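A quick write-up on the structure given underneath.
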Amino acid sequence: MKVFSESTEKEPETAHLYAGIFNVTLNHTTRLVFVPDLSPVAPPWRSGILPENYDDIATVREARLAAALKGFYVVTPNAEHAGTEEPLPDFPDPDGMVISPPGTVFYVAHAEFDRYQSELAVLEDLPGFVSGQVSELRDHQVITFIERRILDSAWLKPYDAHILGRPTSL
(Lines give C-alpha, C1' and ligand atoms only; values in the text may rest on other atoms or scores of the structure.)
Protein backbone atom coordinates (compact mmCIF):
# COMPACT_ATOMS: atom_id res chain seq x y z
CA MET A 1 0.00 0.00 0.00
CA LYS A 2 1.23 3.46 -0.85
CA VAL A 3 -0.29 6.80 0.18
CA PHE A 4 0.65 10.11 -1.38
CA SER A 5 -0.77 13.58 -1.61
CA GLU A 6 -1.84 14.65 -5.09
CA SER A 7 -0.15 18.01 -4.50
CA THR A 8 3.27 16.32 -4.35
CA GLU A 9 2.78 15.15 -7.94
CA LYS A 10 2.10 18.64 -9.32
CA GLU A 11 4.21 21.60 -10.31
CA PRO A 12 4.94 23.95 -7.38
CA GLU A 13 2.87 26.80 -8.84
CA THR A 14 -0.30 24.65 -8.98
CA ALA A 15 0.30 22.21 -6.10
CA HIS A 16 -1.88 24.25 -3.71
CA LEU A 17 -4.92 23.55 -5.89
CA TYR A 18 -4.63 19.84 -5.04
CA ALA A 19 -4.23 20.23 -1.27
CA GLY A 20 -6.17 17.62 0.67
CA ILE A 21 -6.44 15.13 -2.19
CA PHE A 22 -4.85 11.78 -1.32
CA ASN A 23 -4.14 8.80 -3.53
CA VAL A 24 -3.95 5.29 -2.12
CA THR A 25 -2.48 2.55 -4.28
CA LEU A 26 -2.98 -1.10 -3.36
CA ASN A 27 -0.72 -3.82 -4.82
CA HIS A 28 0.77 -1.33 -7.27
CA THR A 29 -2.39 -1.32 -9.43
CA THR A 30 -5.60 -0.49 -7.57
CA ARG A 31 -5.94 3.27 -7.09
CA LEU A 32 -8.27 5.00 -4.68
CA VAL A 33 -8.55 8.77 -4.47
CA PHE A 34 -9.84 10.74 -1.47
CA VAL A 35 -11.16 14.11 -2.69
CA PRO A 36 -12.38 16.90 -0.38
CA ASP A 37 -15.92 18.26 -0.72
CA LEU A 38 -17.25 18.38 -4.26
CA SER A 39 -20.88 19.02 -3.35
CA PRO A 40 -20.96 22.50 -4.96
CA VAL A 41 -20.31 20.85 -8.36
CA ALA A 42 -21.22 17.16 -8.05
CA PRO A 43 -23.41 15.21 -8.15
CA PRO A 44 -24.55 15.37 -10.85
CA TRP A 45 -21.17 14.55 -12.33
CA ARG A 46 -20.18 16.54 -15.40
CA SER A 47 -16.90 17.39 -17.00
CA GLY A 48 -18.04 20.51 -18.85
CA ILE A 49 -16.73 22.86 -16.17
CA LEU A 50 -13.16 21.62 -16.68
CA PRO A 51 -10.75 23.19 -19.15
CA GLU A 52 -10.09 21.16 -22.30
CA ASN A 53 -6.47 20.75 -21.25
CA TYR A 54 -5.97 19.57 -17.65
CA ASP A 55 -2.71 21.54 -17.59
CA ASP A 56 -4.92 24.65 -17.58
CA ILE A 57 -6.68 23.78 -14.31
CA ALA A 58 -6.73 27.00 -12.32
CA THR A 59 -9.08 26.53 -9.36
CA VAL A 60 -9.42 24.19 -6.39
CA ARG A 61 -12.86 23.17 -7.69
CA GLU A 62 -11.42 22.16 -11.08
CA ALA A 63 -8.52 20.28 -9.45
CA ARG A 64 -10.84 18.31 -7.20
CA LEU A 65 -13.27 17.48 -9.99
CA ALA A 66 -10.47 16.38 -12.34
CA ALA A 67 -8.98 14.14 -9.64
CA ALA A 68 -12.37 12.55 -9.01
CA LEU A 69 -13.23 12.03 -12.68
CA LYS A 70 -9.91 10.24 -13.26
CA GLY A 71 -10.42 7.97 -10.25
CA PHE A 72 -11.42 4.33 -10.22
CA TYR A 73 -12.57 4.43 -6.58
CA VAL A 74 -13.37 7.93 -5.31
CA VAL A 75 -14.14 8.82 -1.70
CA THR A 76 -15.65 12.25 -1.06
CA PRO A 77 -17.76 13.86 1.64
CA ASN A 78 -21.36 14.76 0.87
CA ALA A 79 -23.95 15.29 3.61
CA GLU A 80 -26.90 14.40 1.38
CA HIS A 81 -25.38 11.23 -0.11
CA ALA A 82 -23.24 9.94 2.80
CA GLY A 83 -23.28 6.14 2.98
CA THR A 84 -24.16 5.67 -0.69
CA GLU A 85 -22.22 4.83 -3.83
CA GLU A 86 -22.71 5.57 -7.51
CA PRO A 87 -20.79 4.95 -10.73
CA LEU A 88 -19.13 7.87 -12.43
CA PRO A 89 -20.37 8.57 -15.95
CA ASP A 90 -18.10 7.79 -18.91
CA PHE A 91 -16.17 10.98 -19.58
CA PRO A 92 -13.32 11.28 -22.04
CA ASP A 93 -10.22 12.93 -20.61
CA PRO A 94 -8.56 15.76 -22.56
CA ASP A 95 -6.74 13.16 -24.69
CA GLY A 96 -10.06 11.56 -25.65
CA MET A 97 -9.45 8.46 -23.50
CA VAL A 98 -12.43 7.06 -21.62
CA ILE A 99 -11.97 5.12 -18.40
CA SER A 100 -13.90 1.93 -18.91
CA PRO A 101 -15.55 0.76 -16.85
CA PRO A 102 -15.92 4.12 -15.14
CA GLY A 103 -15.00 4.67 -11.53
CA THR A 104 -17.26 4.53 -8.48
CA VAL A 105 -17.89 7.27 -5.94
CA PHE A 106 -18.20 6.34 -2.27
CA TYR A 107 -19.85 9.17 -0.33
CA VAL A 108 -19.05 9.67 3.35
CA ALA A 109 -20.00 12.18 6.05
CA HIS A 110 -17.79 15.25 6.42
CA ALA A 111 -16.52 14.27 9.87
CA GLU A 112 -15.69 10.78 8.59
CA PHE A 113 -13.77 12.23 5.64
CA ASP A 114 -11.84 14.61 7.90
CA ARG A 115 -10.76 11.64 10.05
CA TYR A 116 -9.65 9.65 6.99
CA GLN A 117 -7.78 12.61 5.57
CA SER A 118 -5.89 13.07 8.86
CA GLU A 119 -4.97 9.39 8.96
CA LEU A 120 -3.83 9.41 5.33
CA ALA A 121 -1.54 12.35 6.09
CA VAL A 122 0.01 10.29 8.92
CA LEU A 123 0.38 7.21 6.71
CA GLU A 124 1.99 9.29 3.97
CA ASP A 125 4.51 10.70 6.42
CA LEU A 126 5.63 7.39 7.92
CA PRO A 127 9.39 7.00 7.32
CA GLY A 128 9.96 4.59 4.47
CA PHE A 129 6.24 3.99 4.04
CA VAL A 130 6.25 2.66 0.53
CA SER A 131 4.87 -0.84 0.78
CA GLY A 132 3.03 -1.27 4.06
CA GLN A 133 0.58 -4.13 4.25
CA VAL A 134 -3.05 -3.26 4.89
CA SER A 135 -3.28 -6.06 7.46
CA GLU A 136 -0.58 -4.29 9.52
CA LEU A 137 -2.47 -0.98 9.51
CA ARG A 138 -5.94 -1.97 10.71
CA ASP A 139 -5.74 0.32 13.73
CA HIS A 140 -6.44 3.19 11.30
CA GLN A 141 -10.12 3.78 10.58
CA VAL A 142 -9.37 4.64 6.96
CA ILE A 143 -7.97 1.12 6.45
CA THR A 144 -11.09 -0.47 7.90
CA PHE A 145 -13.17 1.78 5.63
CA ILE A 146 -11.18 0.74 2.55
CA GLU A 147 -11.55 -2.95 3.36
CA ARG A 148 -15.23 -2.93 4.31
CA ARG A 149 -16.71 -0.26 2.11
CA ILE A 150 -14.63 -0.54 -1.06
CA LEU A 151 -12.86 -3.90 -1.21
CA ASP A 152 -15.87 -5.85 0.08
CA SER A 153 -18.32 -3.99 -2.17
CA ALA A 154 -20.00 -5.12 -5.36
CA TRP A 155 -18.27 -2.14 -7.01
CA LEU A 156 -14.82 -3.73 -6.85
CA LYS A 157 -13.80 -4.45 -10.41
CA PRO A 158 -13.02 -8.14 -11.16
CA TYR A 159 -9.41 -7.41 -12.14
CA ASP A 160 -8.80 -5.50 -8.90
CA ALA A 161 -10.46 -8.27 -6.88
CA HIS A 162 -8.17 -10.81 -8.51
CA ILE A 163 -5.01 -8.74 -7.91
CA LEU A 164 -6.01 -8.08 -4.29
CA GLY A 165 -6.87 -11.72 -3.55
CA ARG A 166 -10.56 -10.99 -3.08
CA PRO A 167 -13.37 -13.24 -4.33
CA THR A 168 -13.77 -12.75 -8.07
CA SER A 169 -15.56 -14.14 -11.07
CA LEU A 170 -12.45 -13.93 -13.31
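The values are calculated or read from the model by the stated rules, or taken from the named source; none is laboratory data. As the structure is a computational prediction, the values presented were derived from the model and not from experiment. With ideal geometry, Cβ positions are generated from the backbone for all residues, glycine too; neighbour counts draw on all protein chains shown. These area figures cover heavy atoms from the full protein model, side chains too; ligands, DNA and RNA do not enter into them. Shrake-Rupley method; radii C 1.70, N 1.55, O 1.52, S 1.80 Å.
Odds and ends about this structure:
- Across the chain, C-alpha contacts under 8 Å between residues 6 or more apart give a mean separation that, scaled by the residue count, equals a relative contact order of 20 percent.
- Cβ-placed point charges (K, R +1; D, E -1), dipole of the chain about Cα centre in debye, nearest 20: 480 debye
- Ordered by 1.4 Å accessible area with all protein chains kept, Thr30, Thr8 run largest first as Thr8, Thr30.
- A Förster radius of 30 Å, combined with the Cβ-Cβ distance separating Val122 from Glu13, puts the computed FRET efficiency at roughly 0.65.
- Dipole of the chain [Lys/Arg +1, Asp/Glu -1 at C-beta], most positive-end residue of Ala109, Leu123, Leu164: Leu164
- Listed by chain and number, the lysines whose C-alpha is less than 24 Å from the C-alpha of Lys10, apart from same-chain residues fewer than 8 away, are Lys2, Lys70.
- Neighbourhood net charge (11 Å Cβ-Cβ; Lys/Arg +1, Asp/Glu -1) for Asp37: +1
- 19 Å cut-off, amide nitrogen to a point 7 angstrom out along Ile163 Cα→Cβ, residues in the range 46-78: 67-75
- For the chain, with all protein chains in place and a probe radius of 1.4 Å, 51% of the accessible heavy-atom surface sits on carbon or sulfur.
- Gain upon complete extension [Ala111, Ala154; 0.36 nm per residue less C-alpha separation]: 13.0 nm
- Gaussian network model of the chain, Cα within-10 Å springs - most flexible of Glu136, Glu86, Glu124: Glu136
- Annotation for Arg138 and Asp56: the two label points, set 7 Å from Cα along the Cα-Cβ direction, are 5.0 nm apart.
- Among His28, His16, His81: highest mean-square fluctuation, GNM of the chain, C-alpha pairs under 10 Å: His28
- Largest-first principal axis extents, alpha carbons of the chain, Å: 40, 37, 31
- Largest GNM mean-square fluctuation across Ala15, Ala79, Ala154, computed for the chain with C-alpha springs under 10 Å, falls on Ala154.
- Among residues other than Asn23 with Cβ under 9 Å from its Cβ, the summed charge is 0 (Lys and Arg +1, Asp and Glu -1).
- Magnitude of the charge dipole, the range 1-67, Cβ model with Lys/Arg +1 and Asp/Glu -1, debye to 20: 360 debye
- Linear extension gain, Arg46 paired with Thr25, 0.36 nm per residue minus alpha-carbon span: 5.0 nm
- log10 of Debye I(q)/I(0), alpha-carbon scatterers only, for the range 1-98 at 0.12, 0.22, 0.24 Å⁻¹: -0.37, -1.30, -1.49
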